[in-house]
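The block underneath contains the structure these notes are about, expressed in structure tokens.
The values are calculated or read from the model by the stated rules, or taken from the named source; none is laboratory data. Predicted, not measured: the structure shown is a model, and the values here were computed from it. When we count neighbours, we look across all protein chains shown, and the Cβ atoms used for this are built from the backbone with ideal geometry, even at glycine. When the accessible area is computed, the model is the full protein with side chains, heavy atoms only, and any ligands, DNA or RNA have been set aside. Shrake-Rupley method; radii C 1.70, N 1.55, O 1.52, S 1.80 Å.
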Amino acid sequence: MKACLAQFKSCSDVRINLRRHGEAVERAAAAGCDFVLFPELSLTGYEPRIASREAVAPDDVLFNPLVDASSVHGIVIAAGMPLKATNGTEIGLVVCRPGRPVATYAKQILHSDEVPYFVPGHRQLDLTVGEHRIAPAICYEAMLPEHGEAAVARGATIYAASVTKHASGMESARAYLAAFASRHSIPVLLVNAIGPSDTFESSGGSVAFNSAGALIDSLDDAEGELVVELS
């Protein structure tokens, strides 16, 4: 399987972000990728204070361009978006799969500073891409052993974390997830945003580790796509 980590700089206009997601998907497809993963809340940017205003239903027509791109290119797309829930707003990951309905995952374990703005998700979602079963994680929860261990117990063959982190947070995440990959013999994908995110600057540094916890490849702090082959 070939995966693409789309290290993305969001702006304040969802429509512009959506168009630029489509452009990144086209580049991933041209590189032969089967799966493309964007950072946390990539379609709006990570802005908790306005997330409820931007939130949409999982079946919103906003996602139609990504649905179409998924089918045209035969690629699975996972992009971040605030989602409306019955009891509030979720930090969502919207997944578009060729010829299938949109699926969603929502961050299950919130950081304490997110609690005033979001509610935790409860539905599970593991993605089948070729022979792989990909377990998604969103930022803070990816740093908690219980989340990753539950994914391994369900039979995940790849752990895929979508985050927005500043430089020191990304350094810690890379160290933790490399060790996690080695300990559980599972490849790990980690995609970060760049640019303004809430009260901090996301630093990029997206990375992929193999099942021994060794570096496959990584990006610096510039916008772009990291394409990696996973056996």
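Could you tell me whether the range 200-223 includes any residue that is of a type in the set (Val, Ile, Thr) and under 20 Å from ILE91 (Cβ atoms)? No, the range 200-223 contains no residue that is of a type in the set (Val, Ile, Thr) and under 20 Å from ILE91 (Cβ atoms). Looking at ALA78, ALA69, ALA85 in this structure, which one is among the hydrophobic types (A, V, I, L, M, F, W, C) and touching a helix residue (DSSP H, G or I) at 6+ places or on another chain (Cβ under 8 Å)? Criteria check complete, one pass: ALA69.
Residues of the range 6-36 that are within 16 Å of the chain's Cα centre (by Cα) and in a loop (DSSP other than H, G, I, E, B): PHE8, LYS9, SER10, CYS33, ASP34. Among the conditions (1) assigned to a loop (DSSP other than H, G, I, E, B); (2) over 18 Å from the mean Cα position of the chain (by Cα), ALA175 misses just one, which is (1). Within the range 37-52, the residues that satisfy the criterion of being over 15 Å from the mean Cα position of the chain (by Cα) and under 14 Å from GLY92 (Cα atoms) are GLU47, PRO48, ALA51, SER52. Of the residues screened, SER42 is not one that is touching a residue at least 12 places away in the same chain (Cβ under 8 Å), open to solvent by 60 Å² or more (accessible area, probe 1.4 Å), part of a loop (DSSP other than H, G, I, E, B) and of a type in the set (Gly, Ala, Ser). Scanning the range 174-231 for residues that are within 20 Å of HIS21 (Cβ to Cβ), surrounded by fewer than 20 Cβ atoms within 10 Å (Cβ to Cβ) and of a type in the set (Gly, Ala, Ser) yields GLY195, ALA222, GLY224. Does at least one position in the range 26-34 carry a residue that is hydrophobic (A, V, I, L, M, F, W, C), without any contact (Cβ under 8 Å) to a residue 24 or more places away in the chain and within 28 Å of PHE200 (Cβ to Cβ)? No. Quick check on this structure: which one of LEU83, LEU110, LEU66, LEU93 is open to solvent by 20 Å² or more (accessible area, probe 1.4 Å), within 18 Å of the chain's Cα centre (by Cα) and at pLDDT 95 or above? Of the residues listed, the single one that is open to solvent by 20 Å² or more (accessible area, probe 1.4 Å), within 18 Å of the chain's Cα centre (by Cα) and at pLDDT 95 or above is LEU110. Checking each residue in the range 134-167 for being open to solvent by 20 Å² or more (accessible area, probe 1.4 Å) and under 15 Å from the mean Cα position of the chain (by Cα) picks out TYR140, MET143, LYS165. Among the residues of the range 45-87, those that are part of a strand (DSSP E or B), over 18 Å from THR164 (Cα atoms) and touching a Pro at 6+ places or on another chain (Cβ under 9 Å) comprise VAL56, VAL76, LYS84.
Against the test of being surrounded by fewer than 19 Cβ atoms within 10 Å (Cβ to Cβ), out of contact with any His (no Cβ under 8 Å at 6 or more places or on another chain) and modelled with pLDDT under 95, the options GLY74, GLY99 yield a single qualifying residue, GLY99. The set of residues from the range 126-174 being in contact with a Lys or Arg (Cβ under 7 Å, 6 or more places away or on another chain) and among the hydroxyl-bearing types (Ser, Thr, Tyr) comprises just one member, THR157.
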